[in-house]
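Novice: Got a structure here, written out as structure tokens. Questions coming.
The values are calculated or read from the model by the stated rules, or taken from the named source; none is laboratory data. Keep in mind it's a predicted model, so treat the numbers as computed, not measured. Using ideal geometry, Cβ is built from the backbone for each residue, glycine included, and neighbour counts are taken over all protein chains shown.
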Amino acid sequence: MSGISKRYGAVRAIRNADLDVEAGTVHALVGENGAGKSTLIKILSGAERADTGSIEFNGAPVSITSAQDAIKLGIATVYQEPQLFSELTVSENIFLGRELRKGGRIDWAAQNAKVVELLELLGLPRRYATAVVGDLSIAEQQQVSIAKALAGDATVLILDEPSAILTDAEIEVLFGVVRRLTSTGVSVIYISHRLDELFQIAETVTVMRDGATLGTWPISELTVRSIVEKMVGGILTENEGARTVDQSLTPRLELSDLGRRGRFHDVNVAVRPGEIVALYGLVGSGVSEIAACIYGIDSYDSGSILLDGAAVSPRSPRHAQKLGIGLLPANRKAQGMFSFQSIAFNISAGHLPLFGGFAGWMERAKERSVARDLIKRLAVKTPSEKQPIGAMSGGNAQKVVLARQLVERPGVLVLAEPTQGVDVGAKEEIHRIITELADEGTAVLVVTSDLPEALRIADRVQVVRGGTTTDEFGPDATQVEVLAAAAGDTSEGAA
Amino acid sequence: MSAPTVSGPPPTPAGERRKVTERQRILPSPVTGQELVLIGVIAVLWIVLWLSTPAFLTANSLQPLLGAVAPIAVIGIGMTIVIITGGIDISVSGIIMVCAVVVAKTLVDYETSIWVVLLMSIGIGALLGLINGLLIAYGRVHAIIITFGTTNIFQWLGLQIFGGNTVSGIPDTLATFGNGAAGRTWGVPHAFAITVVLAAIAWWYLRHTAGGRHYFAIGGDPVAARLAGVRVRPRIASAYVLTGLLAGLGACFLVAQSSTLAQNVGTGKELAVIAAVVIGGTSIMGGRGSVLGTLLGALLVQTVSSGVTQLGWPSQLSDLFVGIAIIVAVGADLIRERARRRAR
Amino acid sequence: MSAPVDDQQTGTPDPAPTPATARGSENSLGGRLIRALLTQRIVLLVVLIVAVVVTFMIMGAGDYLTSPFDSDSMSAALINAVPLAMLGLAELIVILSGRGGIDLSVGANVSLSGMVFGLAYAQWGLPLWLAILLAVVCGGVLGLVNGYLVAYLGFPALIATLATYYAYKSLAVVINNQRPISSPEISQLYNSTARSIELPVIGSQLPDVPRGIFLFLIPTIVVMWLLLARTTFGRRSYAIGTNDVAARWSAIDVKSTRLWAYVISGLICGLVAVVTVGQFASARPDAGTAGNGMALPAITIAVLGGVAITGGIGRVAGVVLATVLIVWLNDGILKAFEGNDGSQYQLLALGVVLVFAALLNGVATRRYGGTQ
């Protein structure tokens, strides 16, 4: 691939990206969130079309305009989320839409024979060929999607963060598969955030930053630290001035050895009044599940949550709210927005008891004035509070969902991915709001996988890796240090 | 100000693998747990009924039972497929009515052979099913709304053809599907035998052909199915055509049972069919289901209702047991699903 | 049942969908009218009602009808609107609550609650107010069973209410050995529900209106409107119907809100049971389940009134207008045909209007990004 560019409206997702993958090698593609890796992969797999640039395959120029084109060329992609039919068997999933037929019926024997071959290659038991996919674990399902990709006789296999949801043992199996594949001449493009594992598997590394490819290096010339430096670039993260927090105060929120089986364990973090602490972890580190526990959505089975030094156990979001905890959910559309309802509806929805008068009578004047206040305060761009939130841009909608948390000033505010899918301008404003809230005494915990954001607004950054809190950094830490810690640079230790 | 680094065992998102029988099979078990339970329940009911009223296990009692199962079960085959695709068809009551009255009137007014009326009924049923199918697959409207609407339209059509309140004096041309001696071979009602054969064919088709498996894929995730190369819309439409076609056949079975036909011939049948399908373990959310289960579901419902009569209880009490059966069957399914999700 | 799949992508900056910024040609008066017709169900219904009334009045004037279609007959026809609109409102609140919400058991609930009312009033000799209260409580408890199955045990609503439909229908028949209950007291009820009365003060200028409208329908409409549009419960209902996950993350008690939707549907059924007993002048065990039953027309009315089957969208006014439309349309059709033919054409009209409205929704979604 050379000179690939892609725009989404005004946003330039990638510009002049080059990628050369040699046959029979494992080629790692790394970069920070939003660096353009997924877009590049989508173009290669036919899910998106490039605006400019060309793709050559085995030396001949090709045009990939649809997923079918890519599959015909032998380019197969395994995405993070397994896209499988849970009620169908493994064999059926692998051959759906291209069943092997014999006289009108599916040739189960031939199909299963092929599937068993693939399963053995992947180290899965033969009997799984006829197991219903819904009965398998998530990790096994992912291996099934790899098998599905391989069934089309792929010569290029793209693995998008395959290790994020796998355990160490399962990763070993995956690596075995990848090595066996490359020995048969298949090229593998391997995307991962866990940089330490690249040294076990990859031969060459291409680093992307801000939509461009910086270059390609043999892995032998690199270390985790040098990769991180390339990913982050020379950009200095300017922290928003000095914010001093009296560390002798009792933490407003403290998580002590918090754990939920199979998700995370021994999570320790403390947030004092007026402090902004970031919980930073890469995809799959377990960081996203922690917020749900603090807010009483999920339960935890070990450790404790302390508010102002006293142990509490939020049973439900309503209970958490009563305890003075507010939460901005990570997935705006699925967890945050009532899309065809008005802005005022979306703001008041989280605090209905506050607006309920006698017999639950809705105090609409109060609702209107609260909504207008928050619209003004958060600089939401809208003609009125009656507009439906579904028609707004990502940044504006996010501000409305954030406004919902500010109706009753919470003592603790947990913000999960506060600026995901938000344009730069709105991002700035949301950061400003967060800082203001902290200045007014709120304890803010930002759960994020966006490192520049974490470093920029937080007074302290707590790294989550492998389901637990590992290292802590102050505001003067560099991106390189933090990323190296989160991505598993075990050689040098952390700050 | 570095926090203490805590190390512990890595999280294990992967649940324990469940024990599956070691023998390599070509396909998962042909009979699901739900079906085994249904067979067990039906067997227990039959034994209990036989013990309380020995007359139950005689040809005189079982033949009408099987005869009554036939129309519900045969339409249930189509409904099962519709529900597997994630849809529903409320309009079968209307289709039954139209087909039944056309058949009855034709038999009364013309001397025709059984084949003519059978083909006519099936053809009309398929046509009405096609209307549903096209509106649902291409109109992008939820199946329940479209079929609510077409129910009314089909009923109007049926009433128009009816003219009077009943059609009486229907000749016994269709006796071979009826409850009389002409309707049985070796004691088995033909209508029931045909139903079993059709169910077997449908079972084989759904299990062993690409087309059959595609219904399940569509019910699981229509978008992903389309991306995998499944022709989603024609396939959805085909499910409704099939249901209409089978409703036409079921209408013939119903007409054959009596020499008069009343306007309420189809009333409530849509719910009876849906009840048989969900008791049989087909998920109303789509993606999972079995024709064999539907057959057993219909058999269970009819066993209950004839059992209630045999025991001398008010016949309407059987509906109470049908309601309970639905709750128990679907409840068991919900519990299994939850256990399965937790085991993962 | 799988609803049309929405793209739930979140990672990329979402381009603002532009339903509001329509193309230039649509800013003309005609364009705006078409847009309003397509996206505002209320506007469409009002236009249809006007069209129906005008058509039949012209037909009446031209002597094409068997009896006149005028303000008197229009107001007399409204008696049919009482159970229909009330059950339409019951379906409104249930469908609104989302997750495939639907109540197939309303007709059976009406039958059973009606029998309980009949027993209480005619056989146990309870005072009228207590008997009505008992019927309403009975309806509420039956609704509670539905709500518990759906909201707390996770049954799909279609299945839970199909099961209770069978159970309630059966109990209604068995409870009094398949016999209807009638007594002089119950016959008296006809006067208080179905008979038309002259409105006080200005009544002489206006047609007489069936009493049931004032005693049952209007109070139900007002309460339901207040409940949905003016209380926090209404907000919670719309919230769980629009996005039940977001509602949970917004500290709304999703389960209890959904439970209450089914309970309210049941309470309305209890009231309708009393109306129906009055209308028939006896408590009949198959009052709500005979023929097509009451559930199918009620769901049809709700959908026609603009209630989205996927939840979160629907208004009391839409359901009321849809009922008025259907009742007057039915009345006119009945008079347009000799004998019994008209009742058949009512089915055709209902079916065509429903399919047409549903397809229109599809068009509106594709063109303007949704209906209100």
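Novice: So, of the residues in segment B:219-240 that are among the hydrophobic types (A, V, I, L, M, F, W, C) and at the interface with another protein chain (Cβ under 9 Å from one of its Cβ atoms), which turns out to be surrounded by the most Cβ atoms within 10 Å (Cβ to Cβ)?
Specialist: Ranking the candidates gives B:225 first.
Novice: Continuing with the same structure: Can you tell me which residue in segment A:349-373 is nearest to residue A:386 (Cα to Cα), limited to those that are facing chain C (nearest Cβ under 7 Å) and touching a residue at least 40 places away in the same chain (Cβ under 8 Å)?
Specialist: Filtering segment A:349-373 for residues that are facing chain C (nearest Cβ under 7 Å) and touching a residue at least 40 places away in the same chain (Cβ under 8 Å), the one nearest to residue A:386 (Cα to Cα) comes out as A:349.
Novice: Provide a single number: the residues in segment A:471-488 that are without any contact (Cβ under 8 Å) to a residue 60 or more places away in the chain and either more than 12 Å from chain B (Cβ to nearest Cβ) or more than 19 Å from the chain's Cα centre (by Cα) (or both).
Specialist: Count: 6.
Novice: What number of residues within segment C:264-292 are outside any helix (DSSP H, G or I) and within 30 Å of residue C:233 (Cα to Cα)?
Specialist: So the count comes out to 1.
Novice: OK, next. Return yes or no: is residue B:265 under 19 Å from residue B:150 (Cα atoms), among the β-branched types (Val, Ile, Thr) and assigned to a helix (DSSP H, G or I)?
Specialist: In short, yes.
Novice: Working only within segment C:241-268, note down all residues that are touching a Leu at 6+ places or on another chain (Cβ under 8 Å) and more than 11 Å from chain A (Cβ to nearest Cβ).
Specialist: Here is the first cut: in segment C:241-268, the ones touching a Leu at 6+ places or on another chain (Cβ under 8 Å) are C:241, C:249, C:252, C:259, C:261-264, C:266, C:268.
Once the filter is applied, which keeps residues that are touching a Leu at 6+ places or on another chain (Cβ under 8 Å) and more than 11 Å from chain A (Cβ to nearest Cβ), segment C:241-268 yields C:259, C:261, C:262, C:263, C:264, C:266, C:268.
Novice: So if I check each of A:32, A:117, A:56, A:87, which one is of a type outside the set (Gly, Ala, Ser) and closer than 23 Å to residue A:177 by Cα?
Specialist: A:117
Novice: I'd like to verify a number: residues in segment A:114-123 that are surrounded by fewer than 22 Cβ atoms within 10 Å (Cβ to Cβ), in a helix (DSSP H, G or I) and not charged (D, E, K, R), how many? Step through it out loud before you land on a result.
Specialist: Going residue by residue through segment A:114-123, those that are surrounded by fewer than 22 Cβ atoms within 10 Å (Cβ to Cβ) are A:114, A:116-117, A:120-123.
Right, trim to in a helix (DSSP H, G or I) and you get A:114, A:116-117, A:120-122.
So of that shortlist, the ones also not charged (D, E, K, R) come out as A:116, A:121-122.
Selection size over segment A:114-123: 3.
Novice: Within segment C:40-74, how many residues turn out to be surrounded by fewer than 17 Cβ atoms within 10 Å (Cβ to Cβ), among the hydroxyl-bearing types (Ser, Thr, Tyr) and within 24 Å of the chain's Cα centre (by Cα)?
Specialist: So the count comes out to 1.
Novice: Would you confirm whether any residue within segment A:297-309 is within 22 Å of the chain's Cα centre (by Cα), within 26 Å of residue A:396 (Cβ to Cβ), surrounded by 18 or more Cβ atoms within 10 Å (Cβ to Cβ) and at pLDDT 85 or above?
Specialist: Looking through segment A:297-309, at least one residue is within 22 Å of the chain's Cα centre (by Cα), within 26 Å of residue A:396 (Cβ to Cβ), surrounded by 18 or more Cβ atoms within 10 Å (Cβ to Cβ) and at pLDDT 85 or above.
Novice: List the helices (runs of 4 or more DSSP H) that sit entirely inside segment B:24-129 and contain at least 1 residues that are among the small types (Gly, Ala, Ser) and modelled with pLDDT of 90 or more.
Specialist: On the way: elements: B:33-52, B:59-84, B:92-109.
Once the helices (runs of 4 or more DSSP H) in segment B:24-129 are filtered for at least 1 residues that are among the small types (Gly, Ala, Ser) and modelled with pLDDT of 90 or more, what remains is B:59-84, B:92-109.
Novice: Name every residue in segment A:61-112 that is more than 12 Å from chain B (Cβ to nearest Cβ), buried (at least 16 other Cβ atoms within 10 Å of the Cβ) and over 13 Å from residue A:46 (Cβ atoms), in order of residue number.
Specialist: The answer is A:78, A:80.
Novice: Report, by residue number, each residue of segment C:313-331 that is under 18 Å from residue C:230 (Cα atoms), within 14 Å of chain B (Cβ to nearest Cβ) and buried (at least 24 other Cβ atoms within 10 Å of the Cβ).
Specialist: C:314
Novice: Next up: Which of the residues belonging to segment C:287-296 are more than 9 Å from chain B (Cβ to nearest Cβ) and either more than 30 Å from residue C:124 (Cβ to Cβ) or touching a Ser or Thr at 6+ places or on another chain (Cβ under 6 Å) (or both)?
Specialist: Within segment C:287-296, C:287, C:288 meet the criteria.
Novice: Only residues that are part of a helix (DSSP H, G or I), modelled with pLDDT under 80 and farther than 26 Å from residue B:135 by Cα: list them for segment C:326-364, please.
Specialist: C:341, C:342 - these are the residues of segment C:326-364 that are part of a helix (DSSP H, G or I), modelled with pLDDT under 80 and farther than 26 Å from residue B:135 by Cα.
Novice: Let me ask something else about it. Taking segment B:301-329 on its own, how many of its residues are facing chain C (nearest Cβ under 8 Å) and polar (S, T, N, Q)?
Specialist: Residues flagged as facing chain C (nearest Cβ under 8 Å) and polar (S, T, N, Q) within segment B:301-329 amount to 2.
Novice: Do any residues in segment C:344-372 that are under 19 Å from residue C:315 (Cβ atoms) and more than 7 Å from chain B (Cβ to nearest Cβ) have Cβ atoms under 6 Å from those of residues that are in a helix (DSSP H, G or I) and modelled with pLDDT of 85 or more, where the two are at least six apart or on different chains, and which pairs are they?
Specialist: Matching pairs, first to second residue: C:357/C:304.
Novice: I need the full set of residues from segment B:175-212 which are without any contact (Cβ under 8 Å) to a residue 60 or more places away in the chain and part of a strand (DSSP E or B), in order please.
Specialist: Result: B:185, single match.
Novice: Now a separate question. If residue A:142 passes every condition in (1) facing another protein chain (nearest Cβ under 8 Å); (2) polar (S, T, N, Q); (3) touching a Pro at 6+ places or on another chain (Cβ under 8 Å) but one, which one does it miss?
Specialist: Answer for residue A:142: the failing condition is (1).
Novice: If you don't mind, another one. Please verify whether residue B:284 is within 14 Å of chain C (Cβ to nearest Cβ), crowded, with 24+ Cβ neighbours inside 10 Å and at pLDDT 85 or above, treating the condition exactly as stated.
Specialist: For residue B:284, the condition - within 14 Å of chain C (Cβ to nearest Cβ), crowded, with 24+ Cβ neighbours inside 10 Å and at pLDDT 85 or above - is not met.
Novice: I'd like the full set of residues that are within 15 Å of residue B:54 (Cβ to Cβ) and either touching a Ser or Thr at 6+ places or on another chain (Cβ under 6 Å) or not in a loop (DSSP other than H, G, I, E, B) (or both), limited to segment B:301-317.
Specialist: Residues satisfying the conditions are B:306, B:307, B:310.
Novice: Can you find a residue that is more than 14 Å from chain A (Cβ to nearest Cβ), among the aliphatic types (A, V, I, L, M) and within 21 Å of residue B:29 (Cα to Cα) anywhere in segment B:260-269? It would help to see each step written out before you state the result.
Specialist: Just the residues of segment B:260-269 that are more than 14 Å from chain A (Cβ to nearest Cβ), to begin with: B:260-269.
So of that shortlist, the ones also among the aliphatic types (A, V, I, L, M) come out as B:261-262, B:265.
With the extra rule that they be within 21 Å of residue B:29 (Cα to Cα), the set shrinks to none.
No, segment B:260-269 contains no residue that is more than 14 Å from chain A (Cβ to nearest Cβ), among the aliphatic types (A, V, I, L, M) and within 21 Å of residue B:29 (Cα to Cα).
Novice: If a residue counts only when it is at negative phi and surrounded by fewer than 21 Cβ atoms within 10 Å (Cβ to Cβ), which helices (runs of 4 or more DSSP H) contained entirely in segment A:380-484 have at least 3 such residues?
Specialist: Values: elements: A:394-405, A:424-439, A:451-457.
Qualifying helices (runs of 4 or more DSSP H): A:424-439.
Novice: Return only the number of the condition from (1) out of contact with any Leu (no Cβ under 8 Å at 6 or more places or on another chain); (2) more than 7 Å from chain C (Cβ to nearest Cβ) that residue B:118 does not satisfy.
Specialist: Exception for residue B:118: condition (1).
Novice: Here's something else I'd like to know. Restrict the check to segment B:269-276 and report whether at least one residue is buried (at least 22 other Cβ atoms within 10 Å of the Cβ), more than 26 Å from residue B:103 (Cα to Cα) and of a type outside the set (Phe, Trp, Tyr).
Specialist: Yes, that holds for at least one residue.
Novice: Right, here's the next one. What's the number of the condition residue A:35 fails, among (1) within 20 Å of residue A:157 (Cβ to Cβ); (2) buried (at least 22 other Cβ atoms within 10 Å of the Cβ)?
Specialist: Condition not satisfied by residue A:35: (1).
Novice: While we're here: Considering only helices (runs of 4 or more DSSP H) fully contained in segment C:97-187, which possess at least 1 residues that are in contact with a strand residue (DSSP E or B) (Cβ under 9 Å, 6 or more places away or on another chain) and within 20 Å of residue C:85 (Cα to Cα)?
Specialist: Per the criteria, C:106-118.
Novice: Please work out which one of (1) under 26 Å from residue C:119 (Cα atoms); (2) at pLDDT 90 or above is the condition residue C:260 fails and give its number.
Specialist: Just one mismatch for residue C:260, condition (1).
Novice: So, residue B:161, is that one in contact with a Lys or Arg (Cβ under 7 Å, 6 or more places away or on another chain) and either within 14 Å of chain C (Cβ to nearest Cβ) or assigned to a helix (DSSP H, G or I) (or both) or not?
Specialist: yes
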